[in-house]
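The values are calculated or read from the model by the stated rules, or taken from the named source; none is laboratory data. Everything numeric here is computed off the predicted structure, so don't read it as measured data. Every residue, glycine among them, receives a Cβ derived from its backbone with ideal geometry; neighbour counts consider all protein chains shown.
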Amino acid sequence: MTCYFLSRCLCSYRLAVRLLMSLALLASAGSVLAQDDALAMPGGAPLPLRVGVAVFLNDAGKINEQTGTFEASIDVRFRWRDPTLAFSSKAQGADRQEYSNEQMAVKLRKIWNPRLTVANQNGNVLRTEGGLFVYADGTVEHIQRMRLVLDNKYRLAAFPFDTQGLTVRILSTRYTVNQIALAQDQSDINASGIRETIAISGWVPKRIEFSSSRNRGWSGDAYPEIEARVLIHRQPFGHLFAVFTPFLLILLVPTIMTLYVKVDVAPRMTLWSASILALIALNFTFSVRYPALGSDSLVQQVISIGFGFQLLLICLTVTLMNPQVADRMISKHVQAELIGFLRWTLPVGLVGLVVTRSMLTAFT
């Protein structure tokens, strides 16, 4: 009897625990439904609901082509109209309601908002502050000032004459293109821009551009996205010195020894072997420092020109500059004329080819 009584009590206890857990789940589900209901899209507004986006660049730095990132301080403003938040300016004594920082966070939890995110944010926001403004006609402005690190794609085909775009991608992760539309009117354009006194080391800021697109979610739905690109032009002079000075020095000594000094073939070949290794090392250095450099970049084309010049001079060293071979091919008078011609055409041709390719890249 005692065992039977204990087993019945244990069963009753288990039933009570299950009942309490079910009630708790129902309560949590009810709170979630209540929250979703509180954050329902504004009534009386046509769909898709227009959300204005403005981006203003205050500062930018730590532009790193190697990691594909940059650090920036930006102001982001989202603007939409919620008729349910309209109020009488006469009764309120003001045409807008203002909320800042903690008050803003509390208010945003109570009203609908588009829940937009910076899609290319790298890590946590370093610093943030903002404000919320609700106007008498129901227009809502959500403004955030953030300092953060952003991922960015750098295209270095024209390096060091390149223009890059520092990108800020604003993405909706909750509402589809049928529910909201990210757009800009004249007010949003006027609120966007670049601070006039901004200074980016090694770069010259130009302008800011916007483009809208769609991002396909895992469920197949399309979500609206808008991208702000701050165009900056690289100051090339310091990079030109760092690229072309070692390049020309690598080719200078063996060229002088081949064209202007009478030495045997073996010392010349030794110098050209060292020159080839040095140019390979220079190419490796550029590829490590600027990993985004492609095969079509100006730097890679200049390196290819250097390898071609080395191959040409090596062929001349073992043929025309080698008396044992040259005497069997042509007469000494013709040989002297050719060498005299090559002494100025080869260096001028190399410099002219490099300068021409650089100018074409710079102006196109």
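So, GLY93, is that one small (Gly, Ala, Ser), crowded, with 18+ Cβ neighbours inside 10 Å and assigned by TED's automatic domain parsing to the domain that holds GLU225 or not? Steps first, please.
Details: small (Gly, Ala, Ser): yes; crowded, with 18+ Cβ neighbours inside 10 Å: no; assigned by TED's automatic domain parsing to the domain that holds GLU225: yes.
So GLY93 fails the test.
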Practice item. Filter region 218-256 down to the residues that are touching a Leu at 6+ places or on another chain (Cβ under 8 Å) and either β-branched (Val, Ile, Thr) or modelled with pLDDT under 90 (or both), then identify the one that is nearest to ALA72 (Cα to Cα). Key: VAL230
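Just to be sure before I move on: is THR176 of a type in the set (Ser, Thr, Tyr) and in a loop (DSSP other than H, G, I, E, B) in the structure I sent?
Values: of a type in the set (Ser, Thr, Tyr): yes; in a loop (DSSP other than H, G, I, E, B): yes.
Judged against the criteria, THR176 is a match.
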Revision key, fill the gap. Selection from region 226-241 of residues surrounded by 13 or more Cβ atoms within 10 Å (Cβ to Cβ) and assigned to a helix (DSSP H, G or I) yields HIS239, LEU240
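Residues checked against (1) within 27 Å of ARG289 (Cβ to Cβ); (2) in the same structural domain as ASN190 (by TED's automatic domain parsing); (3) modelled with pLDDT of 90 or more:
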| position | (1), (2), (3) |
| --- | --- |
| ALA54 | no, yes, yes |
| ALA60 | yes, yes, yes |
| GLU65 | yes, yes, no |
| GLU71 | yes, yes, yes |
| PHE78 | no, yes, yes |
| ASP82 | no, yes, yes |
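So, of the residues in region 132-151 that are in a strand (DSSP E or B) and of a type in the set (A, V, I, L, M), which turns out to be farthest from the chain's Cα centre (by Cα)?
The first filter runs over region 132-151 and keeps only residues in a strand (DSSP E or B), leaving 132-135, 139-151.
Cutting the leftovers down to of a type in the set (A, V, I, L, M) gives us 132, 134, 140, 143, 146, 148-150.
Working: LEU132: 29, VAL134: 34, VAL140: 30, ILE143: 23, MET146: 17, LEU148: 13, VAL149: 10, LEU150: 7 Å.
This residue is VAL134.
Going by the conditions given, is ILE180 out of contact with any Lys or Arg (no Cβ under 9 Å at 6 or more places or on another chain) and hydrophobic (A, V, I, L, M, F, W, C)?
Values: out of contact with any Lys or Arg (no Cβ under 9 Å at 6 or more places or on another chain): no; hydrophobic (A, V, I, L, M, F, W, C): yes.
So ILE180 does not fit the description; no.
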Point to revise | Conditions (1) assigned by TED's automatic domain parsing to the domain that holds ASP82; (2) crowded, with 18+ Cβ neighbours inside 10 Å; (3) under 19 Å from the mean Cα position of the chain (by Cα); number of the one not met by LEU293 | key: (1)
Practice item. Please determine, by comparing only the residues of region 216-225 that are of a type in the set (D, E, K, R) and assigned to a strand (DSSP E or B), which one is surrounded by the fewest Cβ atoms within 10 Å (Cβ to Cβ). Key: ARG216
Review point. Looking at region 64-84, is at least one residue assigned to a helix (DSSP H, G or I), among the polar types (S, T, N, Q) and closer than 26 Å to GLN186 by Cα?
Key: yes
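Residues in region 326-348 that are within 46 Å of the chain's Cα centre (by Cα) and surrounded by 14 or more Cβ atoms within 10 Å (Cβ to Cβ): how many? Steps first, answer last, please.
Step one: list which residues in region 326-348 are within 46 Å of the chain's Cα centre (by Cα), which gives 344-348.
Filter once more, keeping what is surrounded by 14 or more Cβ atoms within 10 Å (Cβ to Cβ): 346-347.
The qualifying residues number 2.
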Study note, to complete from the structure: Expected output for region 352-364 (first residue touching a residue at least 40 places away in the same chain (Cβ under 8 Å), partner outside any helix (DSSP H, G or I) and not β-branched (Val, Ile, Thr), Cβ below 7 Å, 6+ apart or cross-chain) is THR361/ALA158; THR361/PHE161; ALA362/PHE161
